Amino acid sequence: MLAKISSGKSVFGVLAYNKIKVDDDHATVLYRNKMFDSPDGKFSMKDCMDSFYPYLANNNRTEKVVFHASLNPDPKDKLTNAQLAKITKTYMEKLGYGSQPYIVLKHSDIKREHLHIISLRVDENGRKINDSYEVARSMKICKELELQFNLVPLVKGEREFEIPKPINYKEGDLKHKVGNTIKFVLANFYFQSFGEFKTMLEHFNLTAEEVKGMHNGILYSVTDEKGNRVGRPFKSSLFGKEAGYEALQKHFDASKIVSKRKRFGNSFARRLPNS
């Protein structure tokens, strides 16, 4: 099963998009969680906005308040509405949105029947829901759901996470390529130490160095075919907090927890080129 998550500023906008699908008979309401039910059970933008309003009214800091996700089971999975609802409920609970108001719509506008989930990234007190490593956690949850509900494992969906090519320092545009590589590695692999992280990066002609002092940091450098650094290093701040020292420490801790769960073993680690 493939999950795609996005954020947004306009609750009205994402609701309007789904309203169009409903009006064109390309989507139906699957179920609601902590939302007002319309008398006829149909999709109502007013009921959705009324349900979300108390949460939005308390928000005073989060700019992108919309949580919008699509769940895409394999077409071979012949699932009833009750099964789809249970899968979605479990997904939202595991991701940390189980207590949030959300509505789930089943879309049939493409061959692959899929679900859209609309919720908020702020709780009833206006506090932001923790979204650290959300993409990586979502991928792990999808693997767990495949096991729990005997779903067809994701295969074709692997293309959605195309493995970057090793960086060629002669081709230029290095900052962009380094950033994309770091994001890919962080989202798709578990590693329990800085050494393991560096080993992972080596597959992509990239290395990292810890800089410790008053403010700990990470420097990323492109390497040549022999592993020698070339060009100037890039500060982790250029690629966002997720590439920084503190975020990596959290990633190491999370990876250690996952490694103890023998049921899943290494099923979440993707195979690197030539490994």
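The values are calculated or read from the model by the stated rules, or taken from the named source; none is laboratory data. Keep in mind that what you see is a predicted model, and the values were worked out from it rather than measured. All Cβ positions, glycine included, derive from the backbone under ideal geometry; neighbour counts span all protein chains shown.
Summary of values
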read-out	value
Selection within the range 196-237 - more than 27 Å from the chain's Cα centre (by Cα) and over 20 Å from Gln249 (Cα atoms)	Thr223, Asp224, Glu225, Lys226, Gly227, Asn228, Arg229, Val230, Gly231, Arg232, Pro233
Residue, farthest from Asn59 (Cα to Cα), within the range 5-36, restricted to residues that are among the basic types (Lys, Arg) and in a loop (DSSP other than H, G, I, E, B)	Lys34
Selected residue (only one of Glu171, Glu144 is modelled with pLDDT under 90 and either more than 25 Å from the chain's Cα centre (by Cα) or of a type outside the set (S, T, N, Q) (or both))	Glu171
Single unsatisfied condition, Asp77 versus (1) surrounded by fewer than 15 Cβ atoms within 10 Å (Cβ to Cβ); (2) modelled with pLDDT under 95; (3) of a type in the set (Asp, Glu)	(1)
Lys143 of a type outside the set (Gly, Ala, Ser) and either touching a residue at least 12 places away in the same chain (Cβ under 8 Å) or closer than 20 Å to Val14 by Cβ (or both)	yes
Pairs, first on the phi > 0 side of the Ramachandran plot in the range 110-129, second part of a loop (DSSP other than H, G, I, E, B), C-beta under 9 Å, six or more apart	Gly126/Asn59; Gly126/Asn60; Gly126/Arg61; Gly126/Thr62
Count of the range 208-222 residues which are of a type in the set (Val, Ile, Thr) and surrounded by fewer than 19 Cβ atoms within 10 Å (Cβ to Cβ)	1
Residue tally, condition among the acidic types (Asp, Glu) and either touching a residue at least 60 places away in the same chain (Cβ under 8 Å) or in a strand (DSSP E or B) (or both), over the range 228-253	1
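Matching residues to (1) surrounded by 14 or more Cβ atoms within 10 Å (Cβ to Cβ); (2) free of Cβ contacts under 8 Å to residues at least 12 places away in the same chain; (3) among the acidic types (Asp, Glu); (4) in the same structural domain as Asp131 (by TED's automatic domain parsing):
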| site | (1), (2), (3), (4) |
| --- | --- |
| Cys48 | yes, no, no, yes |
| Asn59 | yes, no, no, yes |
| Glu63 | no, no, yes, yes |
| Ala69 | yes, no, no, yes |
| Pro73 | yes, no, no, yes |
| Asn81 | no, no, no, yes |
| Gln100 | yes, no, no, yes |
